[in-house]
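Asks: My questions will all concern the structure given below.
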Amino acid sequence: MKIYESAEDYLETILKLHRKSGAVRSIDIVNELGYSKPSVSVAMKKLRAGGYIRVDEDGFLHLTPSGEEVANRVYTRHQLLTRFLVSLGVSEEIAAEDACRIEHDISAETFGKIKEYMEKSPV
């Protein structure tokens, strides 16, 4: 199943919020991303149907193994690309925004080379 950019963003947000507070509800995603409650609700239903999240009896969201895999991949890319752009002199804020756009479209080959470069770089 092809996962779209918006779904990747939602999964990454669930991961980050879970790491930050340990528990995530749909309203937390609304507050974090600034999307409407109905939009987030529809997205959560799609992610649940796709097997990327589960919702417990108290309404808390949990990543499934496949959801966690996608979220970790996107989050790792975001972090590394942000560091890479900052190392080029881009401000932290702009680097994070640009990394968010790049992380979805960059090829595995290009990302791999950036990762290699950053691992060798003293930055």
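The values are calculated or read from the model by the stated rules, or taken from the named source; none is laboratory data. Please read these numbers as outputs of a predicted model, since none were measured by experiment. Counting neighbours? That spans all protein chains shown, and the Cβs are built from the backbone with ideal geometry, glycine included. Accessible surface is based on the protein model in full, side chains and every heavy atom, while ligands, DNA and RNA are left aside. Shrake-Rupley method; radii C 1.70, N 1.55, O 1.52, S 1.80 Å.
Asks: When residues of region 74-97 are filtered for being surrounded by fewer than 16 Cβ atoms within 10 Å (Cβ to Cβ) and either within 16 Å of the chain's Cα centre (by Cα) or under 12 Å from E8 (Cβ atoms) (or both), how many remain?
Replies: 3
Asks: Among the residues of region 27-36, is there at least one that is more than 21 Å from C100 (Cα to Cα) and out of contact with any Gly (no Cβ under 7 Å at 6 or more places or on another chain)?
Replies: Within region 27-36, one or more residues are more than 21 Å from C100 (Cα to Cα) and out of contact with any Gly (no Cβ under 7 Å at 6 or more places or on another chain).
Asks: Any chance you could count how many residues in region 40-73 are over 18 Å from E116 (Cβ atoms), among the charged types (D, E, K, R) and within 14 Å of the chain's Cα centre (by Cα)?
Replies: Adding up the residues that qualify gives 2.
Asks: Would you mention how many residues in region 54-73 are open to solvent by 70 Å² or more (accessible area, probe 1.4 Å) and of a type in the set (S, T, N, Q)?
Replies: Of all residues in region 54-73, those open to solvent by 70 Å² or more (accessible area, probe 1.4 Å) come to 54, 57-58, 65, 68-69, 73.
So of that shortlist, the ones also of a type in the set (S, T, N, Q) come out as none.
Total meeting the criteria: 0.
Asks: So G51 clears everything in (1) in a helix (DSSP H, G or I); (2) touching a Ser or Thr at 6+ places or on another chain (Cβ under 7 Å); (3) open to solvent by less than 90 Å² (accessible area, probe 1.4 Å) except one condition, right? Which one?
Replies: So the condition that G51 fails would be (1).
Asks: Give the residue, chosen from T13, T110, that is crowded, with 17+ Cβ neighbours inside 10 Å and polar (S, T, N, Q).
Replies: On inspection, the qualifying residue turns out to be T13.
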